[in-house]
1. Could you list, bin by bin from short to long, the percent of Cα-Cα pairs of segment 202-270 in 5 Å steps?
2. Can you tell me the 0 to 90 degree angle between the C-alpha axis of helix 155-166 and the longest principal axis of the chain, rounded to 10?
3. Working from Cα positions, state the angle (0 to 90°, nearest 10) between the long axis of helix 259-268 and the longest principal axis of the chain.
4. How many angstrom separate the Cα center of segment 206-234 from the Cα center of segment 87-116?
5. Can you give the alpha-carbon Rg of segment 120-268 over 2.2 N^0.38 Å, where N counts its residues?
6. Sort largest first and round to whole Å: the equivalent ellipsoid semi-axes of the chain, each the square root of five times a Cα gyration tensor eigenvalue.
7. Take every DSSP beta bridge with both residues inside the chain and express the antiparallel ones as a percent of the total, to the nearest 5.
8. Can you tell me the length gained on complete extension of the stretch Gln37 to Glu259, counting 0.36 nm per residue apart and subtracting the Cα distance?
Amino acid sequence: MKSKATKFILWALGIGLIVYLVAWIGFYMLQDKIIFQHKKLDEKYTFRFDQPFEEHFIQTEDGETLNALLFRAQKPSKGLVLYFHGNADNLQRWGEYAVDFTQLDYDILLADYRGYGKSTGTPTEIDFYKDAVTILGWAKANIPYARLIIYGRSLGAAVASNLATVTNPDLLILETPFDDLKGTMYLPLAPLPGFFPLHFEFSTKTFLAKVTCKKVIIHGTQDWVVPLSSALRLKPLLGVDDRFVIINGGSHRNLRDFESYHTTLADVLR
């Protein structure tokens, strides 16, 4: 007969397996809401920032409207940064990062994805890529610039990399990127997408392999949202003139708190 200890261990393992599977199935069923953590804003909402900005609305071919903010450099602009933000919140949060670029004499254009903030529509991966092309087209028609920098953060890294395959920017910068969406999963969840496929891929590695411009990747060692190991799988796709910058102690949301982040930006945006 099995000992009480053995029975208890088997019981505990069974309960653990059930909890594990229920948690994953819950994630699978709710993955759209987990991936697209958008926060809507009333169309009359007034943005508040510590520097001047312009608010614009960009029309898509399928009749949706994308809300965008343009922050201009105080000195003669060296170029334009197209910034594609992460999967959460809206422009009220992401506009706070504009100063990192305007202080380096770059204009920066940020747009909310469809379904985020004041942007209309429903978030989808394919529409994110299409909308990025629309935003670039609007920028070309409305903002004179000498250099084009495409910047992608986290989920936005896939959007930025995809856009860089259909245009020829001067520089592509990726902050806290993942190789693909499955790559964001830590053990023991990592094997499960093979059994319960994700609805989305956001495969930065697929797009980055086709990008020919100079590339810079910035990631932290303490990122508990996107593992550094996921970003490191992008490193073989970089050329000899590209850079992979690792910020010791940096997490998913605080890289701009480190001097090395700003030193890197200042260096590549000279």
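1. 3, 16, 26, 23, 21, 10, 1
2. With rounding to tens, the tilt is 50 degrees.
3. The angle comes out at about 50 degrees.
4. Here the two parts' Cα centres lie 20 Å apart.
5. Numbers: Rg = 15.6 Å, N = 149, 2.2 N^0.38 = 14.7 Å.
Against the empirical 2.2 N^0.38 Å value, I get 1.06 for segment 120-268.
6. Numbers: eigenvalues 269, 95, 58 Å².
Listed largest to smallest, the semi-axes of the chain are 37, 22, 17 Å.
7. Values: 10 of 37 bridges.
Roughly 25 percent of the DSSP beta bridges within the chain come out antiparallel.
8. Numbers: separation 222, 0.36 × 222 = 79.92 nm, distance 2.90 nm.
Residue separation times 0.36 nm, minus the Cα-Cα distance, leaves 77.0 nm.
Rule-based calculations on the coordinates, nothing more; no lab input. All figures in this text were calculated on a predicted structure; none of them were measured in a lab. Because the Cβ atoms are built from the backbone with ideal geometry, glycine has one as well, and the counts that use them run over all protein chains shown.
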